[in-house]
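See structure below.
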Amino acid sequence: MTERNSREIRIGNVRIGGSNPIAVQSMTATKTQDIDATIRQVELLEEAGADVIRIAVDNPKDVAALGVVRQARPNANLVVDLQENYRLAEKVAPFVQKLRYNPGHLYHLEREKPVREKVRYLVEIARQHGCAMRIGVNAGSVDPEKLDKVSKDDSITPMVESALEHSVMLDDLGFDQYCVSLKDSDPNKVIDANVLFAERRPDIPLHLGVTEAGMPPDGVIKTRVAFEQLITRGIGDTIRVSLTLPFERKGEEIAVGRQILDDIHNGRFRSVPRFEHKGLNIISCPSCSRVENEAFIDLAQNVKEITRYAKEHDITIAVMGCRVNGPGETDDADLGMWCAPSFVNLKRGTQSLGHFTYDEILGRLRLELDKLIGEKRKVLV
Ligand code: SF4
């Protein structure tokens, strides 16, 4: 085990970085405006021992709901996920201990305004309210300018460059209460991106996570591969396990995270250095306030069931809960689905195959999967 060497930051009554224990966090999976369900999520995660709990907001109604959740769970260390509407920061900061923004999403609002000014605004808000920040870079929504500079096969350099650039922006503003995350659904890319970033900026605390890891046990295995490789190298100050689970079982993300940390600290390594993409690979998101239909969780589980017959084939199927991240996050999959309120969009690679009702989609998926398997067989003959 290499010792960690990052600086300390404070998130409410939790400190991460330095020699502090690695904090375990998660996120509410329900629509934020479903106040009772969101309070229940926070309660479940607190009971499971979450150090920090993230809630996404996208509009003023989400902000109002967050205020009610804060009143109901006054002791939780809450993080707000700003998603695309960064201007909501001033409204939500009074309720939370940390703001998370995605550099790739700062482009959507006020396109004419320089990103540096938007970051300055976020830092001012964080300072006024004593909030920490996270620069959260995701493979599926990287700053487009960074993508233009490298070949299509290189998804790691744009993520690392974007995180480094935003870190310098925060440094230039004299703000050091921030951490960084670099997430991908591929554990190997999570390892590579975080190792590269940590080499350049060992001072910055890192939030680790394999995004859209999917359902247990596969999602746990992918997460374990990345965490074992990174934490033993002294990389990682807080972790989030992202699993597709029924809402009442969300606390399992915390239990799995603590188990992995405990195993690492006691030298019980259960995975291999690199994740092997052999056989059918199903990736699915953990759901969040943007989930378009709660039937998404059942859909992901049903996809897993009906595709078992294809488990020997090297095919990736992605199932995502919303239209915002769904299209981008499914681009690299052989077959991708993303949910709308009353239908599910189906893609093959980047090509749309149309949309289908929740009753129709599994049958159509099966047809497309059979077609794909047939085509792969022909290539082998
Ligand atoms: S794909 Fe959409 S619903 Fe799923 S976690 Fe990402 S933003 Fe939330």
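The values are calculated or read from the model by the stated rules, or taken from the named source; none is laboratory data. Computed from a predicted model, the values in this text were never measured in an experiment. Methodologically, a virtual Cβ is constructed for each residue, glycine included, from the backbone with ideal geometry; neighbour enumeration extends over all protein chains shown.
Numbers at a glance
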read-out: Count of residues meeting criterion [within 20 Å of the chain's Cα centre (by Cα), away from the ligand (no atom under 16 Å from the Cβ) and assigned to a loop (DSSP other than H, G, I, E, B)] in segment 18-46; value: 1
read-out: Of residues in segment 301-326 being within 25 Å of residue 137 (Cα to Cα) and more than 10 Å from the ligand (Cβ to nearest atom), the one surrounded by the most Cβ atoms within 10 Å (Cβ to Cβ); value: 317
read-out: Within segment 268-298, considering residues that are acidic (Asp, Glu) and in a loop (DSSP other than H, G, I, E, B), the one nearest to the ligand (Cβ to nearest atom); value: 292
read-out: Residues of segment 338-353 classified as over 17 Å from residue 140 (Cα atoms), surrounded by 14 or more Cβ atoms within 10 Å (Cβ to Cβ), touching a residue at least 24 places away in the same chain (Cβ under 8 Å) and more than 15 Å from the ligand (Cβ to nearest atom), total; value: 0
read-out: Any pair with Cβ under 7 angstrom, 6 or more apart, that starts in segment 358-380 at a residue that is in the same structural domain as residue 292 (by TED's automatic domain parsing) and outside any helix (DSSP H, G or I) and ends at one that is at pLDDT below 95 and not charged (D, E, K, R); value: 358/295
read-out: Inter-residue pairs, beta-carbon under 7 Å, first in the same structural domain as residue 319 (by TED's automatic domain parsing) and more than 15 Å from residue 183 (Cβ to Cβ) and in segment 281-295, second among the aromatic types (Phe, Trp, Tyr) and modelled with pLDDT of 90 or more, 6+ apart; value: 287/296; 295/358
read-out: Neighbours by Cβ (under 8 Å, 6+ apart or cross-chain): first from segment 58-86, of a type in the set (Ser, Thr, Tyr); second part of a helix (DSSP H, G or I); value: 86/105; 86/118; 86/121; 86/122
read-out: Those helices (runs of 4 or more DSSP H) lying entirely in segment 172-267 with at least 2 residues closer than 16 Å to residue 21 by Cβ and modelled with pLDDT of 95 or more; value: 218-231, 252-265
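This table checks each residue for (1) at pLDDT 95 or above; (2) small (Gly, Ala, Ser).
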{"residue": "291", "(1), (2)": "no, no"}
{"residue": "294", "(1), (2)": "no, no"}
{"residue": "328", "(1), (2)": "no, yes"}
{"residue": "339", "(1), (2)": "yes, no"}
{"residue": "342", "(1), (2)": "yes, yes"}
